[in-house]
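Working notes, structure below.
The values are calculated or read from the model by the stated rules, or taken from the named source; none is laboratory data. This is a predicted model, so every value here is computed, not measured. Don't worry about glycine lacking a Cβ; one is built from the backbone with ideal geometry, like all the others, and counts go over all protein chains shown.
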Amino acid sequence: MTVEETVRQTLAELQVTGEEAVRSAFAEVRSAMEQERQRIIREGARDETERQMIAKTMRDRWLARKQGLLACVDENWLEKAPPELKPVVGRQFNELRRKVIASCEVSGLMSEIPLMEEPAGAAGTTASAARRTAAPGAARVQVTDLTLPGYRRPLGSLHPVTQVQREIEAIFLGLGFTIETGPEIESVYYNFDALNIPESHPSRDDWDTLYIDSQTLLRTHTSPVQIRAMRKHGAPLYIIIPGRCYRRDNPDSTHSPIFHQIEGLAVDTHITFADLKGTLDFFARKFFGEKTRTSFHPSFFPFTEPSGEVAIGCRFCEGKGCRICKQSGWIEVMGCGIVHPDVLRHGGIDPLRYTGWAFGLGVERYAMMKYDINDIQLFLQSDMRFLEQF
Ligand code: PHE
C-alpha cells in the first residue's frame with residue numbers, strides 16, 4: 001500500500017487498534033517521507049528552475065493545506081481516532097508534523113538538491129549517469145548550443161510615402177523653406193471659407209468631404225495650413241506643409257480616401273509668377289532628373305489667381321505620347337498659382353504690400369511615378385511583400 005492509500009483510511013480501517021500499532025503506523029509515514037527526500041536529493045536537478053520546482057512539489061505533496069499528506073493524517077487518523085487512542089495519536093501526529101515541516105521547507109530542500117551538469121557529448125557525471133539508469137526512457141538533457149547565432153529582429157524601414165515625402169521636403173529645405181504642419185480635423189472656415197471657396201463650390205458637398213459636424217471636417221487638402229501659418233508667422237514666409245488628407249472618394253487604383261499632400265507657400269514683397277515657375281522647374285528637375293521638362297497650363301483654384309497646373313514631359317515615351325500620359329506627352333504633377341489677395345487678407349497679411357505663390361501635390365502620385373507603382377491602394381494595405389521592397 002502506498003503512503004497516499006494509507007493516510008486516506010482511518011486507523012480503524014487500517015486495523016490499527018493498540019498504541020504500539022499507532023507508533024509503527026506513524027513510523028511508516030515518516031520513513032516514506034524520508035525515502036522520498038533522499039530520492040530527490042540523489043536524482044538532483046538540471047538547473048535552478050527545475051531544482052525549485054522539485055522542492056516545491058515535495059513541499060506541496062506533504063504540506064498542502066487541503067490535500068497534503070499531513071493534512072490527510074490529521075483528518076483521517078487524528079480526528080477520527082477513538083477516544084482511548086487520541087493521546088498517543090496526538091503525540092505521534094505532532095512529532096510527524098515537526099519532522100515534515102523541517103524536511104520539506106523549500107529553501108532547505110533546494111540547498112540539498114544538487115545541480116547536475118551534463119556537458120554536450122561528454123560521458124556525463126556519475127550522478128547523471130545514475131539518473132539515466134534510474135529513468136531509462138527519460139529524454140537527454142538539452143544543452144543550449146552557444147555557437148548558434150542569436151535571434152535577429154528584422155530591421156524596419158520607412159514607408160515609401162514617407163520616403164518620398166522626406167525627399168521632397170529635403171529639396172525645399174535646401175532652398176530655405178521650413179516645414180509647417182496643421183490639424184487633420186479642421187474647421188469649415190480654414191478648409192473652405194478662408195481659402196475663398198464659396199458655399200456653392202462642389203468640393204464642399206458631402207460627396208467629396210467627410211464632415212464630422214456642420215462646422216468640422218477631415219481636411220480635404222493641406223491648404224488650410226496656409227492660413228494658419230500666415231496668421232502665426234506673418235510675412236515673409238517660405239514654408240512647405242506635408243500632411244494627410246481625406247476625401248470621400250471610392251477607392252480604386254488612383255483614388256484613396258486617405259492620401260498625403262505637400263503644400264508649398266512663399267509670401268514676400270515682389271513675388272511674381274516667375275518665382276513660382278523658376279522654383280517649381282528647379283524642384284521638378286531635382287526630383288525627376290535634370291533633363292526633365294516642365295510645362296505650365298492655365299487652371300482654376302479659388303485660392304489662387306492666376307492658377308496653373310504643372311506637367312512634366314512623359315518619361316516613358318519622352319513626350320511622344322503613350323498609354324501612361326494618355327497620348328498627351330505630359331504628366332500633370334501639381335496645382336499652383338499666385339495666392340489670391342483675399343487669402344492673404346484672411347491670413348492677416350496686407351495684399352498691397354505682399355504677394356505670394358503656392359502649390360499643392362499628391363505624395364502617393366509621386367511615389368507611384370518614382371517606383372512605377374500602378375495601384376494607390378498598395379500604400380495602405382500593409383502588405384509586407386510590397387513594403388519590404390523599399
Ligand atoms: N489644394 C489644391 C488641391 O488640393 C492644390 C493647390 C494648392 C493648388 C495650392 C494651388 C495652390 O487640389
Could you please find all residues in segment 327-376 being in a loop (DSSP other than H, G, I, E, B) and either buried (at least 17 other Cβ atoms within 10 Å of the Cβ) or at positive phi (or both)? Q327, G329, H340, G347, G348, I349, Y354, D372, I373
Could you please find all residues in segment 280-314 being touching a residue at least 40 places away in the same chain (Cβ under 8 Å), assigned to a loop (DSSP other than H, G, I, E, B) and closer than 28 Å to L173 by Cβ? F303
Any chance H255 is assigned to a loop (DSSP other than H, G, I, E, B), within 11 Å of the ligand (Cβ to nearest atom) and of a type outside the set (K, R): no
E169 fails exactly one of (1) more than 14 Å from the ligand (Cβ to nearest atom); (2) farther than 21 Å from G337 by Cα, namely (2)
Within segment 286-325, the residues that are hydroxyl-bearing (S, T, Y) and in contact with a Lys or Arg (Cβ under 9 Å, 6 or more places away or on another chain) are T292, T294
Tell me yes or no: at least one residue of segment 169-182 is small (G, A, S), at pLDDT 95 or above and part of a loop (DSSP other than H, G, I, E, B). yes
Residues to consider are F379, F390; find the one that is more than 26 Å from N191 (Cα to Cα) and among the aromatic types (F, W, Y). F390
Name the single residue that is nearest to Q226 (Cα to Cα) among those in segment 301-334 being within 11 Å of the ligand (Cβ to nearest atom) and in contact with a helix residue (DSSP H, G or I) (Cβ under 7 Å, 6 or more places away or on another chain). F303
Residue list for segment 1-23, filter: more than 20 Å from W62 (Cβ to Cβ), among the hydrophobic types (A, V, I, L, M, F, W, C) and surrounded by fewer than 16 Cβ atoms within 10 Å (Cβ to Cβ): A12, A21
Kindly indicate the residue of segment 212-252 that is among the acidic types (D, E) and closer than 28 Å to Q381 by Cα and also farthest from the ligand (Cβ to nearest atom) among those meeting that condition. D252
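Conditions (1) out of contact with any Asp or Glu (no Cβ under 7 Å at 6 or more places or on another chain); (2) in a helix (DSSP H, G or I); (3) in contact (Cβ under 8 Å) with a residue 40 or more places away in the chain, marked per residue:
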position	(1), (2), (3)
E13	yes, no, no
A21	yes, yes, no
S24	yes, yes, no
E28	yes, yes, no
S31	yes, yes, no
E34	yes, yes, yes
Q38	yes, yes, no
R42	yes, yes, yes
Count of residues meeting criterion [surrounded by 16 or more Cβ atoms within 10 Å (Cβ to Cβ) and either touching a residue at least 60 places away in the same chain (Cβ under 8 Å) or under 28 Å from the mean Cα position of the chain (by Cα) (or both)] in segment 194-209: 4
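Does any residue of segment 377-389 turn out to be on the phi < 0 side of the Ramachandran plot, within 14 Å of the ligand (Cβ to nearest atom) and surrounded by 15 or more Cβ atoms within 10 Å (Cβ to Cβ)?
no
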Restricting to segment 196-211, name every residue that is part of a loop (DSSP other than H, G, I, E, B), away from the ligand (no atom under 14 Å from the Cβ) and not polar (S, T, N, Q). P198, E199, D205, D206, W207, L210
Identify the single condition in (1) in contact with a Gly (Cβ under 6 Å, 6 or more places away or on another chain); (2) under 27 Å from I197 (Cβ atoms) that C314 does not satisfy, given that it satisfies every other one. (2)
With K277, K291 as the choices, which residue is more than 16 Å from the ligand (Cβ to nearest atom) and either in the same structural domain as T178 (by TED's automatic domain parsing) or crowded, with 19+ Cβ neighbours inside 10 Å (or both)? K291
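Only one residue in Y190, Y151 is aromatic (F, W, Y) and not assigned by TED's automatic domain parsing to the domain that holds I373, so which one is that? Write out each step before concluding.
Numbers: Y190 fails: not assigned by TED's automatic domain parsing to the domain that holds I373.
So the residue among Y190, Y151 that is aromatic (F, W, Y) and not assigned by TED's automatic domain parsing to the domain that holds I373 is Y151.
If we keep just the residues of segment 140-197 that are among the charged types (D, E, K, R) and in contact with a Pro (Cβ under 8 Å, 6 or more places away or on another chain), which is nearest to L217 (Cα to Cα)?
Checked segment 140-197; the qualifying residue nearest to L217 (Cα to Cα) is E186.
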